[in-house]
């Protein structure tokens, strides 16, 4: 990409000759960049092993495109950067000057109203999703169990596998044909959006609908996946729909929240929505706030903390009120459980030095297995991408195939386990005949239970609850736990990547809990900790080793278990597991973001930018406009390029010498062209003429509906020969850097300010006023390696 007028494509391309180009030095692939000829380059970009993992699924295209391509959900689509920078032009200044105290008060109140409304809606969505899952999956298990009690095992298997296949096919069809962006957990996409990366379908209303329905169908189908990750995406979609004033495409618009038609306010509300999704999934309001702070958002401030906490609190209160109502038997099979909540507060967590040694060993193993899980997820996603690229039908076939494999494992493996006599002290609870419980009867005679069926033949939430259970240490034997751990670990890898909304929290918790309980059973002779407690610590170890989150996971687990006495052990396990896993690869979400080709800007600049300066990565020719430009030139440029920002040059007779006037956005140019604010002579018209025909809100960013396109303009030949004054819509104070500024410093500045464009100025006089424009693509290692292949190892 040439870092010219707002380009976000991967490769360089020629600019339009119909604009006013400035002669700028072209960045050709030199043996060594100018700024680094006397610098010893560090070989710390990527080691050989990490290089294979960080290679994106999409490779560079041979021709220039208007937008970068990336994988969103299960679909390949163009992406753009977001405008988090405040465009301080005459339109913006006039808008704020025209607002009275009442309008400013309304703006502040609406921020809180929308944040609380997001909490209410997300809480309702989380509740009804769980009702649907509990009733659909529960009804399926009840029918299968009834056939099992009649010794009609083949019919039970056919019903079980058939129901799962139908549910899986329905979920996959929705994702394949209606909203491909709804596939997967959605957390990498939300993480990228809050970093400044946008795609049309990431937060669309259709994505929201399919995310909810597909998640319900996928979890009900018995897949080893969870709805917790999709709830984060769902909360973000709800917040986006409310913040953008509805959707023009679907006829849902509200003028009273037109103040939020900008990326900056929308970003804050989407952060609240992501936090509310975690709160609704785990009933963990504080954990939701910390999850947004630690994992999702790239910008944070104290005012956002307070508003996000209020959103998660409202979501949790809505859930609590509705669950209390359902405990009276008013919600079908949804009763006491449903939303995973494990009350372990009755346990006395006392431990010795031997217990701590066992916990440290569990944490180390959890970190190793978590890193291995991330490595294998990378391989599985790369293999699935080959199938998914062939079309929607292949996505559905792959999903149904994994569903059949999962059903065969969950129904068939319990047959390989011998029945276990019920403990005499638990005669009233064993065996369990209903849809859930610790001691499942399955095919066993009266008075005996099937340990594997108690884990497999259940919803994922009930399986976790069984693993965390205490009071009977020999409930699950070593062979049972080893079989369940191996199966769930494998199925979790195979399931993530199919075209259904799927989260990683539940597979990781299931794997970690089974491994932890297995370790607790094996170490029972040397450790006095309960196996159920080992299961909880194992889940924490796997979460730390896979997702690399510490504070948020710690608080979420404490809110789930309702036991502060476990805090020291959970903290110890998370820190050790994360430290061990970081020695091998990155967290699973960071890894998936790179694999999808999303140009994510990290907190710290990439190593390959340390010995470069801004002038090393800019190239030309640069596309610019004069402050008073010919209409035909502007239209031709917009049609022939896909750039979103153009430098505006003040040249004679409006200035004694060419100088940078500012930066103008494509969207503002289109509004001005549609308003036909033209003059026959090349003169300044000023802002008054613009405000006479257009309102400030006409320049607001469009929502998910269709905005103004250059092809929609119907201009005559006479109008094409006229002139338009760009001063009123030009950002007079764009962020700029000098061409000899360190590229690493420029990257930190670019990310910290949430920029889309950064002008690069010459350091000496007598040259054009602008050398080039930096966009987020210019800080990507892939692009820099393309410029300097002999210097930066792959």
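Computed from the coordinates by the stated procedures, all read-outs in this text should not be read as laboratory data. These numbers were taken from a predicted model, which means no experiment stands behind them. Here the Cβ positions follow ideal geometry from the backbone for every residue, glycine too, while neighbour counts run over all protein chains shown.
Assorted remarks:
- Whether segment 506-623 is rounded, prolate or oblate, judged on the alpha carbon gyration tensor where a/c under 1.5 counts as rounded: prolate
- Cβ-to-Cβ counts within 10 Å put 295, 158 in ascending order as 158, 295, the fewest first.
- Two-site label geometry, residue 657 and residue 583: point separation in nm, points 7 Å out along Cα→Cβ: 6.0
- Counting 0.36 nm for each residue step from residue 720 to residue 639 and taking away their Cα separation leaves a gain of 27.8 nm.
- The slack between residue 525 and residue 327, meaning 0.36 nm per residue of separation minus the straight C-alpha distance, is 67.2 nm.
- Spatial offset of segment 622-672 relative to segment 68-133 amounts to 29 Å, using the alpha carbon center of each.
- Paramagnetic reach from residue 350 in segment 450-479 [backbone N under 19 Å; point 7 Å along Cα→Cβ]: 471
- Relative contact order [Cα under 8 Å, 6+ residues apart], segment 665-794, whole percent: 20
- By the count of other C-beta atoms within 10 Å, a proxy for reagent exposure, 676, 327 are ordered fewest to most as 327, 676.
- Relative contact order computed over segment 528-644 (Cα-Cα under 8 Å; 6+ residues apart), in percent: 23
- Label-point separation in nm, residue 166 to residue 120, each point 7 Å along Cα→Cβ: 3.7
- Judged by the gyration tensor of its Cα atoms, with axes a ≥ b ≥ c, segment 431-560 is oblate; a/c meets the 1.5 cut and b/c is at least as large as a/b.
- Ranked list, fewest to most other Cβ atoms within 10 Å of each Cβ, for 211, 395: 395, 211
- When each of the peptides 593-603, 731-741, 213-223 is scored by the mean number of other C-beta atoms lying within 10 Å of its residues, the order from highest to lowest reads 213-223, 593-603, 731-741.
- Computed from the C-beta positions of residue 688 and residue 109 and an R0 of 45 Å, the FRET efficiency is 0.90 to the nearest 0.05.
- Euclidean distance between Cα centres, segment 171-192 to segment 692-757, Å: 31
- Using R0 = 41 Å, the C-beta based FRET efficiency linking residue 98 and residue 551 works out to 0.40.
- The residue 738 and residue 209 beta-carbon pair, evaluated with R₀ = 51 Å, returns a calculated FRET efficiency of approximately 0.55.
- Shape call, segment 72-169: gyration tensor on alpha carbons, a/c limit 1.5: oblate
- The distance linking segment 205-219 with segment 489-547 is 26 Å (Cα centroid to Cα centroid, whole angstrom).
- Per-bin percent of Cα-Cα distances, segment 114-326 [5 Å]: 1, 8, 15, 18, 18, 14, 10, 6, 4, 3, 2, 1, 0
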